Structures are given as structure tokens and as C-alpha cells.
Amino acid sequence: MLAYLHIPFCDSKCHYCAFNSYDNKSVLKQNYMQQITKQLRYELEKFNTPSKSIRSLFIGGGTPSTIQALWYAPFFEMITPYLADNAEVTSEANPQSATKEWIEGMRTLGVNRLSFGVQSFNAQKLTFLGRNHTPKQALDAITSAANLGIQNISLDLIYGTALDTPALLQEDLNIASSLPINHLSAYALTLEEETPFFKRTDVANGSEELAKDFVHAIIQAGFPQYEISNFGTYQSVHNKGYWEHQDYLGIGAGAVGFLKNRRFYPAKEIEAYVQNPLFQEIEKLSLEDLHVEKIFLGLRSMIGIALASFSPKEMMQVSILVEENKLTCKDHRVFNTDYFLSDEIALFITQ
Ligand code: SF4
């Protein structure tokens, strides 16, 4: 079982961001942090959660480091008995707000992995993206985290912006590789609706060659790829559990939960969530929905798909793909050989 806590607050809004996060609702922070424990208690009961059964807790956002560590204490007090002994406990953090005090405070509560929203070490690119931190703040925050004893550190990079050249991306990667990290996520810039970047024709560089070369360079730099956007000598328990369709508790505004064949959707707006953190809409998934999702998730990652789960019709398509070396077969599972083609392959199998 996994758990996810959503922190929908940010210090500023990046130009490309469509996440459920706000930079003008700080006044609700304290109330929000009180309400999440109410929902957590409710979810622990609903999931009938045995003690020590949660293998991974992920605090994401938004920007979890905009909330002082002390305000997480009641949440951790409640969830800690349910965490497995060696559970992965990750928090996302932004360089400008992940101070030494914050990192130390979160480490004391039980966080053992930090994932930094760096995006680039190029000052001009950071400004272009609307990030409110400097390259130096990113270097300092990551170094501090390692010095304070956080062993598993990840950072996010964005590629495919109009400013990107092979040289710029290589420089980002060189700096990332010189840091004490064992995981890296690289995301292609996407132009999302209702963001300042949407409909702009001068912000993205959609070159497939640039993307492929960058992914290749990341792997060459010593970060093996284990999913379309994730690389590292350390593979996140949380990511893998999610792709394997494990049950997960979703805590916070808009944080989706999943149990067997049902998804739970709490209120997305912070105000509505704070008013009633126990409200949820429920979506029932059919066996067919789950099956198709498993194929898409399995092909985007090293999880692969069990041969036994394919229908005879799908199996015919899979055989064609194996013959064309687009899929490999091992231990009664098939694996994708090129994550860039994952959605196309999934559609070919399920058509
Ligand atoms: S810090 Fe992250 S969540 Fe917040 S606005 Fe920027 S990209 Fe979005």
C-alpha cells in the first residue's frame, strides 16, 4: 500500500504549470494542515490499514517546502505506526524554500528522500519558465540535504523549451551529475490549458531528436532509465507501486485514492476541501478499464506486463511486436524497448 499527501500551495506560479496549486491562498495553510489529519484518520479506517503496511509515503504538490516542518508533525504522528519499517518517505521541495531548518525538521519527522524541483541550472531558462529560484539555491539546497543525512535525493529537469540546445541540456546534466543524487526525472515541456504558455508558439522545442539525445545522455551519465521520465541507480518505491496498481491513500485537495477497483476524488478546491475533507466522489473501474491502464502503465516503465493477462486477440498483436523487437519477453512478461513509443504500442495492442 502507498500513501500520497498533496500540498496545494506554492510561492509563485510557474508559467507552464497546470497542477492543482495556488500562490495566493497561504492564509488557508494552517487550517489545511489540520484538516489533512481528519481525512487521514478516515482513510486509514476505510482502507482497513494494518500497522506497518504502507511501503511508501509521497508528499507532493504544489510545494511541500512552503509549509514549515512543524505543521507536518500531527500528520506524521498519525501515519507513522502504519509505515513499514523501511518505508520510502519522500517529499518534494523547491530550492528557495527548502532551508536547512526545513530539511532537518522533515528528516526528524521521518522523511528519508527528497525530490527537488530544479528544472534547470541555467538562470535564463529558470526565468523563462517562471521559476523563482536561482541555480545557486538549487546547488545549496541539494548539498545541504546530503550533508544533513538524506541519502536518496532526486531532482527534476525540464527539456524541450525554446531555449534548449544540446549544449544547454548537456550543461544541465553535467551539473546534475556532479551533485549527490541517485535519481533524476526529466519531463518534456507540455503546453497545458489555462497556463500562460498555452497557445504560445514560441516557448517549446518539440524536436524528437533533441529529446532522444537528452534521454540517451542521461543514461550515459549513469542514470539508468526505468520509466519514460525517470532515471537512476535508485528506483522509487512509490513510482513503481503506482505503476503496479497498488492501493493508495490520497490525502489532500484533489489527491486521488485507489482501492481495488475504485478511485476516490476529494474536493479539488482548497476552500471546499478545508470545509469538508471527508467529501469524495467515487469512480468504479471496470475490469476492462483496469486492464487497459495496466497495459499503458506497464509499457511506460520497466514493470512490463504479464503474458497471462493478454486476451488471445491482444496476444496476436504482442507476438507481432516481439517479432519486430519492439517488445522483449522474459519470465513470462513482456517489456517495452523504447519508452518513447509506449502509447503507440499500447494502442496497437488494445485496438
Ligand atoms: S513550483 Fe511546481 S507546483 Fe508550484 S507552480 Fe511551479 S511547477 Fe507548479
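The values are calculated or read from the model by the stated rules, or taken from the named source; none is laboratory data. All of these numbers come straight from a predicted model, not from anything done at the bench. Note that we place each Cβ from the backbone using ideal geometry, even for glycine, and neighbour counts take in every protein chain shown. Each accessible area value is taken on the protein alone, full model and side chains, heavy atoms only, with ligands, DNA and RNA left out. Shrake-Rupley method; radii C 1.70, N 1.55, O 1.52, S 1.80 Å.
Cut-off under 19 Å on the C-alpha distance; same-chain residues fewer than 8 positions from LYS212 excluded. Which aspartates and glutamates are left, in chain and number order?
Within reach: ASP156, ASP164, GLU171, ASP172, GLU227, ASP338, ASP343, GLU344.
Can you show me the helix-derived [θ] at 222 nm for the chain, built from DSSP H runs with n ≥ 4 at -39,500 (n - 2.57) apiece and divided by the number of residues, rounded to the nearest 500. Don't skip to the answer; put the middle values down first.
On the way: 12 runs with 127 residues, N = 351.
Dividing the helical sum by the residues of the chain leaves -11000 deg cm²/dmol.
Which of LYS25/LYS260; LYS13/LYS260; LYS38/LYS240; LYS100/LYS125; LYS46/LYS268 have a Cα-Cα distance over 30 Å? Write out the running numbers ahead of the final one.
On the way: LYS25/LYS260 34 Å; LYS13/LYS260 35 Å; LYS38/LYS240 28 Å; LYS100/LYS125 26 Å; LYS46/LYS268 20 Å.
Beyond 30 Å: LYS25/LYS260; LYS13/LYS260.
So in the chain, what percent of DSSP beta bridges are antiparallel if you round to the nearest 5? Walk me through the intermediate numbers first.
Numbers: 22 of 54 bridges.
Taking every DSSP beta bridge within the chain, about 40 percent pair in antiparallel fashion.
Placing unit charges on C-beta atoms (Lys and Arg positive, Asp and Glu negative, everything else neutral), compute the dipole magnitude of region 286-351 about its Cα centre in debye, rounded to 20.
Numbers: 6 positive and 10 negative charges, 39 e Å.
It comes to approximately 180 debye.
Could you work out what % of the accessible surface of region 286-351 is carbon and sulfur, using a 1.4 angstrom probe and leaving DNA, RNA and ligands out of the count? It would help to have the intermediate numbers written out before the result.
Working: 2330 of 3850 Å².
Carbon-and-sulfur percentage of accessible area, whole number: 60.
Pick out which of ARG200, ARG262, ARG41 has the largest mean-square fluctuation in a Gaussian network model of the chain, springs linking Cα atoms closer than 10 Å.
ARG200
So what is the accessible area of the chain per residue, in Å², with the probe set to 1.4 Å? Walk me through the numbers on the way to the answer.
Values: 16300 Å² over 351 residues.
Counting only protein heavy atoms, the per-residue value for the chain is 46 Å².
7 Å from Cα along Cα→Cβ at both TYR265 and ASN20: what's the point-to-point distance in nm?
0.9 nm
With viscosity set to 1.002 mPa s and temperature to 20 °C, compute the Stokes-Einstein D of the chain, Rh being the Kirkwood radius across alpha carbon pairs; µm²/s, no decimals. Provide the component values of the computation, followed by the final result.
On the way: Rh = 21.3 Å.
Using the Kirkwood radius from Cα pairs, D works out to 100 µm²/s.
Taking 8 Å as the Cα distance limit and 6 or more residues as the minimum spacing, I'd like the relative contact order of the chain as a percentage.
Working: 637 pairs, mean separation 58.0, N = 351.
Normalised by residue count, the contact order of the chain is 17 percent.
Select from ASN152, ASN276, ASN48 the residue whose mean-square fluctuation is largest in a Gaussian network model of the chain (Cα-Cα springs shorter than 10 Å).
Highest fluctuation of the listed residues: ASN48.
In debye, nearest 20, what is the charge dipole magnitude of region 20-64 about its Cα centre with +1 on Lys and Arg Cβ and -1 on Asp and Glu Cβ, if you could check? List each step's numbers first, then the result.
Values: 7 positive and 3 negative charges, 25 e Å.
Computed charge dipole of region 20-64: roughly 120 debye.
Quick one: if you stick a label point 7 Å off each Cα along the C-beta vector at GLN151 and ILE320, how many nm between them?
Computed distance between label sites GLN151 and ILE320 equals 4.7 nm.
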